[in-house]
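Trainee: Take this structure, written in structure tokens, and hold onto it; I'll ask about it next.
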Amino acid sequence: MTIVLVAAGVLTAREQSAVIAPPAAGPAVGPAVGPVVVGPVMGPVIEPVTVLRAWDRARSAAWAAGDVAALGRLYVRRSRAGERDRAMLRAWLRRGLRVRGMVMQVLAVELRARTERRMVLVVTDRLAAGSVPGAEALPRDGPTTRRLVFRWAGRWRLASAGQARASPVASTASMSGSSNS
């Protein structure tokens, strides 16, 4: 069961609270049929995007404040992704630099798995904005696709971030020259 959501737009009050809101209980989300409409009826379906956006916003705030501890609270304990992110922030701080206005543009989100305590998303996004005061703007980023695993630990925290695996159809096509159409 796979759901693909394409996201763009403004963060709502509901999205802002998703980082600290308890996970939704109830049946698993079924496959989407027809176009995906974002609105009140889509509450359970939009939640992964909501969690992702709120998490990105909290990460941006931690980077802007130079707050390594706040950044660490966005990850589960001993998360390698969290360790790398904190190490990178510390390196910027040692150079006297702060990243302000970091904005991730979410291009696509695919919900791969979901329980009350775990969410696996395949996310395609890019750094859309950000600057370093007293220096040039950050370079524009191209789209990157990652497999993100969020775990519930009092709030949604990132457990891991890795490269998304290509689908078997895509990998067969690239290896054989077949278009699989």
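Please treat every number below as a calculation from the coordinates, not as lab data. A quick note: this is a predicted structure, and the numbers were derived from the prediction, not measured. A quick note on method: Cβ atoms are made from the backbone with ideal geometry, for glycine too, and the neighbour counts reach across all protein chains shown.
Trainee: When 1/r is averaged over all different Cα pairs and the result inverted, which Kirkwood radius in Å belongs to segment 104-160?
Mentor: Evaluated on segment 104-160, it is 12.9 Å.
Trainee: Ok, one more. Highest first, please rank the peptides 114-124, 89-99 by the mean number of other Cβ atoms sitting within 10 Å of their residues.
Mentor: 114-124, 89-99
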